[in-house]
Amino acid sequence: MTVEYVPGLAGVPATRSRIGLIDGQKGKLYYRGHAIESLAATCTFEEVAHLLLKGNLPSQAELDGFVAQLRNHRRLKFRIIDFLKCLPESGHPMDALVASMSSVGMFYPDNMYPDERDQRWGAAMRILTKTPTMVAAWHRIRCGDEPVTPRDDLGHAANFLYMLTDREPDPLAVKVMDVALTLHAEHGMNASTFAARVTGSTLADPYAVVSAAIATLAGPLHGGANEDVLTTLRAIPKGGVRAWAEEQVKHKRKVPGFGHRVYKVKDPRAGVLQKLAGDVFAKLGSTPLYDVAVELEETMEELVGSKGVYPNVDFYSGIVYEKLGIPTDIFTPIFAMARTAGWLSHWLEQLENNRIFRPSQIYEGDRDLEPKAIGER
């Protein structure tokens, strides 16, 4: 029997899920049935995380209890801080996050191999809340500063910005960060989520599950693309956007921030972020980079819009983060902070009816070779 080979498993269902849905033809993204535009407009990241992890948007009482749990687990053991201080300052923050995430579980043995729902939930809470603390702590350590202790009176987004800068965050910056976290929280069976489910299917500990997902997200074909967007925009000659874009299209070069494996129209998350970018630049002042981005989007729509190539979420997220004063190499860790909610939701769902992933392969090598004596090789 001939087995069809599908490169990258494109379009091959790997699981059944009730968490996220992408309609690439219509440009729609749903978290448990809720359109992403509605969630971004009306809910906080904490509410969205509850929706993903628990399956419902919380009542006020449920939200209060959930937020209390989140704030209770923000702090890091001092030995984790010491571990971060031992890492080279030149390392990428995503590498530091992979390493530190793998180590966290060792301090919570009851969460390492949880077979009870309460233990699984405890692990999920620790991972969701300690990830921003580790990102902020590593950034400050590599800059020669002491990590900032989390504040229990601040929300998830506000607390992260406070820990990153040691300053009271601007309300607009908090709003932007909160929406950005919501937009990045879940996106169906992407590479990092698949990695999380595969790792989880072996019954590996949840910290290893998320560490595997973070390592997958770090790749430039996945989460690392938002850093590439800024590099690209800076490389476009002043006043030469159209000529530059035409040259890329002519030679069929990929333009970072444009196109998506699933969406055939504009990424709905990009639309939300574009509006936020407008609000940010209206208050804080525009920059030449933003003007280049807007012109590039308009030009690319003329050139390749008919082929379904539109901006994705990476195109505007980096521009917004930079305007808020966030270093470029922290962009992808922020992505990871948000997507942790989605990864953990898929991990919990995987364990409900678990079966280890064991795909087959199409072997194309030799058979029945006889090894030559070492002197004849």
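The values are calculated or read from the model by the stated rules, or taken from the named source; none is laboratory data. Computed from a predicted structure; not experimentally measured. Backbone-built Cβ (ideal geometry, glycine too); neighbour counts: all protein chains shown.
Here are a few things to note about the model shown:
Conditions tested, residue by residue: (1) among the acidic types (Asp, Glu); (2) closer than 18 Å to ILE141 by Cα; (3) part of a loop (DSSP other than H, G, I, E, B); (4) touching a Cys at 6+ places or on another chain (Cβ under 8 Å).
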residue: ARG18; (1), (2), (3), (4): no, no, yes, no
residue: LEU52; (1), (2), (3), (4): no, no, no, no
residue: LEU57; (1), (2), (3), (4): no, no, yes, yes
residue: ILE80; (1), (2), (3), (4): no, yes, no, no
residue: PRO88; (1), (2), (3), (4): no, yes, yes, no
residue: MET101; (1), (2), (3), (4): no, yes, no, no
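- Per the listing VAL210, VAL262, VAL255, the residue uniquely on the phi < 0 side of the Ramachandran plot, buried (at least 22 other Cβ atoms within 10 Å of the Cβ) and touching a residue at least 12 places away in the same chain (Cβ under 8 Å) is VAL210.
- From the options VAL255, VAL280, VAL210, residue that is in a loop (DSSP other than H, G, I, E, B) and out of contact with any His (no Cβ under 7 Å at 6 or more places or on another chain): VAL255
- Of the residues making up the range 1-19, those that are of a type in the set (A, V, I, L, M) and over 20 Å from TRP347 (Cβ atoms) number 5.
- Total residues in the range 263-282, condition among the β-branched types (Val, Ile, Thr) and modelled with pLDDT of 85 or more: 2
- Matching residues, the range 344-358, being closer than 26 Å to HIS184 by Cα, in contact (Cβ under 8 Å) with a residue 40 or more places away in the chain and not polar (S, T, N, Q): LEU344, HIS346, TRP347, LEU348, GLU349, LEU351, PHE357
- Selection within the range 213-241 - of a type outside the set (A, V, I, L, M, F, W, C), within 14 Å of ALA293 (Cβ to Cβ) and buried (at least 24 other Cβ atoms within 10 Å of the Cβ): ASN226
- Cβ separations smaller than 8 Å between residues 6+ apart or across chains give no pair from the range 99-116 residues that are not assigned by TED's automatic domain parsing to the domain that holds SER211 to residues that are modelled with pLDDT under 90 and crowded, with 16+ Cβ neighbours inside 10 Å.
- Residue within the range 2-13 that is in contact with a Lys or Arg (Cβ under 8 Å, 6 or more places away or on another chain), in contact (Cβ under 8 Å) with a residue 40 or more places away in the chain and over 30 Å from PRO150 (Cα atoms) present: yes
- The sole residue among TYR31, TYR5 that is within 19 Å of the chain's Cα centre (by Cα) and hydroxyl-bearing (Ser, Thr, Tyr) is TYR31.
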